[in-house]
Amino acid sequence: MAATVKKSVAVEDVNVTFEDQQKINKFARNTNRMTELKDEIEAKKKALQNLEDASDDIMMFDDDTLLVPYQIGDVFISHTQEETQDMLETAKGSLKEEIQTLEGRVSSIQEVLASLKVQLYAKFGNNINLEADES
């Protein structure tokens, strides 16, 4: 019978201070917020694509006297093609600005997370896992 040798890895006991717990909590909150922002960005990008598709479809109309229904809130209001195109361009510009703002917030959160990762891994080493599961 072959004997197996187990290497025992000494797990270093590290005390978690109140400040460490605050950093871990801040990391978790920022990770969740970043996920929410990324989901919001994706939804806005889909809405932007829908507006671009609608704009392309309206440009294909040949009849300039045709009124195009445009949804404002829960109501559809008919406008000329030109007015509808202008409204679509305004809505697209607004969505692009919102997406840029959200992406800026995501990048600032990523900077905070990177800083916290450095601090927490420096203290806890392999005893802490701050990587997101890709499942």
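Laboratory data are not the source of any read-out in this text; all were calculated from the coordinates shown. Predicted model only: the values in this text are computed from it and were never measured. Quick reminder, even Gly has a Cβ in these numbers, built from the backbone with ideal geometry, and neighbours come from all protein chains shown.
Around the amide H of Ile77, modelled in the peptide plane, lie the amide H atoms of Tyr70, Gln71, Ile72, all under 5 Å away and 5 or more residues distant in sequence or on another chain. For segment 22-124, the convex hull drawn through the C-alpha positions has a volume of 92 cubic angstrom per residue.
On a 0 to 90° scale, report how tilted helix 81-124 is relative to the longest principal axis of the chain, with both axes built from alpha carbons and the result rounded to the nearest 10. In the chain, helix 81-124 runs at an angle near 10 degrees to the longest axis. Relative to the dominant Cα principal axis of the chain, helix 18-59 is inclined by about 20°.
Under 13 Å from a label point set 7 Å out along the Cα-to-Cβ vector of Thr31, the amide N atoms of segment 79-123 belong to 113-114, 116-118, 120-121.
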